[in-house]
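Undergrad: My structure is below; once you've seen it, I'll send some questions.
Every number here is computed from the coordinates shown, using simple stated rules; none is lab data. Nothing here was measured: the structure is a model prediction, and the numbers come from that model. Cβ atoms come from the backbone with ideal geometry, glycine included; neighbour counts cover every protein chain shown.
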Amino acid sequence: MAAIGEITWADGTATPRLGQGSWKMGEAGADRKAEAAALSLGLDLGMTLIDTAEMYAEGGAEEVVREAVAGRRDEVFLVSKAYPHNAGRRSLAAACARSLKRLGTDRLDLYLLHWRGSIPLGETVEAMQALVAAGKILRWGVSNLDVDDLEELGQGLAHCATDQVLWNLTARGVEFDLLPFCARRGMPVMAYSPIGQGGRLLRHPVLARIAARHGVSTAQAALGFVLARPGVVAIPKASTAAHVRDLAATRDLALTPQDVAELDAAFPPPRRKRGLEML
C-alpha cells in the first residue's frame, strides 16, 4: 500500500498529511462502537493523526478516540483542543488532565487552544509552555486564530506548532494571508472540514466532473484540492468504514493544472482580506 504523504513538524517529527477528525462523534451512545471502529480502520490505512477536542460531545469524542487507539497509542499522533475559558494558567492544566483521562493516555502529541476567548493569549502561551515542561503535552498550537492573533502571540509564536482553521473549496479566505503567513514561518496548517459540511460542496457539478475525470469520488476530489497545497494537514471526519476507505484513497490522487483552473473558476480564491471563517 502506498504511503500517505507526510509533513514534518518543527522538531523533526513526521506525520501523515491526511489525518482523521472526530467532530460530532460520541454524541449518540449507540454509534460509539462504529465510530471507534472507523477511526481504528483509518489507523490501519495510515491515517495515524487523530484530532479531537474536549468540546466534542463534552468529552464524548475523546472517549471514542480512547477506544479506537486502545493498545496502539504509540502509533498515533494525538491532538486535542481546550475550550477558551479553560485556557488560563490554572484552568488549562486541569482541562488537559481531564482530556488525558478520557483519552486514556499520559500525554498529548499536540494540544490546541480551540478558539480565542477572554483570557489573554500571553497567559495561554505560558500555560501551554508549562504543560510542555511537565511532559503532559509534546507540542502546542492554536485553532481559529487569524494573522493578527498569531502576531499577538509575540515570542510565543516561535513555539506555536500549528493553526487549525476552516479551509475547503467554499471557505478559501485563509489563502489570502493566513496560509502564506504560516508558510513563511514553516508552520503547518491543519484544515478542518476540508470536504465541507452537509454535502453541498460534494454535489457541485464542476467537482463532479473533475472526480469523474480521475475516476474518484467528489469527496476525494475536494480533499485532493486541500492536500495539493504544501504544508497542510487535512483532518476530515469519517464515521463509516466505506467513507474511511474512500478518503484514505485520496493519497493516490494528483490534480492537474486544468483541474485547479476549473476549481478556481467555480470557487474563486480570495482577492482581498476576509474575516476568518469558523464552524
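Undergrad: Let me have the relative contact order for segment 70-206, percent, based on Cα pairs under 8 Å that are six or more residues apart.
TA: That works out to 19 percent.
Undergrad: List every residue whose amide H lies under 5 Å from the amide H of Leu108, counting only residues 5 or more places away in sequence or on a different chain, with H placed 1.01 Å from N in the peptide plane.
TA: Ile137, Leu138
Undergrad: Please state the relative contact order of segment 1-62 as a whole percent: Cα pairs under 8 Å, 6+ residues apart? It would help to have the intermediate numbers written out before the result.
TA: On the way: 83 pairs, mean separation 23.3, N = 62.
For segment 1-62, the relative contact order is 38 percent.
Undergrad: May I pose another question? Percent relative contact order of segment 136-279, based on C-alpha pairs within less than 8 angstrom and at least six residues apart?
TA: 27 percent
Undergrad: Then there's this: On full extension of the chain, what length is gained from Asp148 through Arg245, given 0.36 nm per residue of separation minus the C-alpha to C-alpha distance? Mind dumping the intermediate values first?
TA: Details: separation 97, 0.36 × 97 = 34.92 nm, distance 3.82 nm.
Extra length available between Asp148 and Arg245 comes to 31.1 nm.
Undergrad: Related question: Distance between the C-alpha centers of segment 150-209 and segment 59-108? Whole Å please.
TA: Value for the Cα centre distance between the two parts: 23 Å.
Undergrad: For Lys136, which lysines qualify as cross-link partners when the Cα separation must be under 22 Å and same-chain residues fewer than eight apart are set aside?
TA: Once the sequence-local lysines are set aside, what remains near Lys136 is Lys81, Lys101.
Undergrad: Just going by the charge dipole of segment 155-223, with Lys and Arg at +1 and Asp and Glu at -1 on Cβ, which of Ala221, Ala158, Val189 is farthest out on the positive end?
TA: Ala221
Undergrad: Compute from the Cα atoms of segment 1-156 the Rg and the Dmax, the latter being the longest Cα-Cα distance, and quote both in angstrom.
TA: Both quantities, over Cα of segment 1-156: 15.4, 47 Å.
Undergrad: Still on this structure, I have one more. Under the rule a/c < 1.5 gives rounded, and otherwise a/b versus b/c splits prolate from oblate, where does segment 132-234 land using the Cα gyration tensor?
TA: On the way: a/c = 2.73, a/b = 2.24, b/c = 1.22.
In terms of gyration-tensor shape, prolate.
Undergrad: Would you be so kind as to identify which of Ala171, Phe77, Val233 lies farthest towards the positive end of the dipole of the chain, taking Lys and Arg as +1 and Asp and Glu as -1 on Cβ and the Cα centre as origin?
TA: Of the listed residues, the answer is Ala171.
Undergrad: Let me ask you something else. Under the rule of -39500 (n - 2.57) per DSSP H run of 4 or more residues, summed and divided by the residues of the chain, what mean residue ellipticity at 222 nm is obtained, to the nearest 500 deg cm²/dmol? Could the numbers behind the result be given before it?
TA: On the way: 10 runs with 100 residues, N = 279.
The per-residue figure over the chain is -10500 deg cm²/dmol.
Undergrad: Give me the three principal axis extents of the chain from the C-alpha atoms, as integers in angstrom, largest value leading.
TA: 53, 44, 33
Undergrad: Sort Cys96, Cys160 so that the residue with the fewest other Cβ atoms within 10 Å of its own Cβ comes first and the one with the most comes last.
TA: Working: Cys96 25, Cys160 22.
Starting with the residue having the fewest Cβ neighbours, the order is Cys160, Cys96.
Undergrad: Follow-up. Using θ = phi - 60° and the Karplus form 6.51 cos²θ - 1.76 cosθ + 1.60, what ³J(HN,Hα) does each residue of segment 163-179 get, whole Hz, x for Gly and Pro?
TA: Those phi angles translate into 10, 9, 9, 6, 8, 7, 4, 9, 9, 10, x, 5, 5, 5, 9, 5, 4 Hz.
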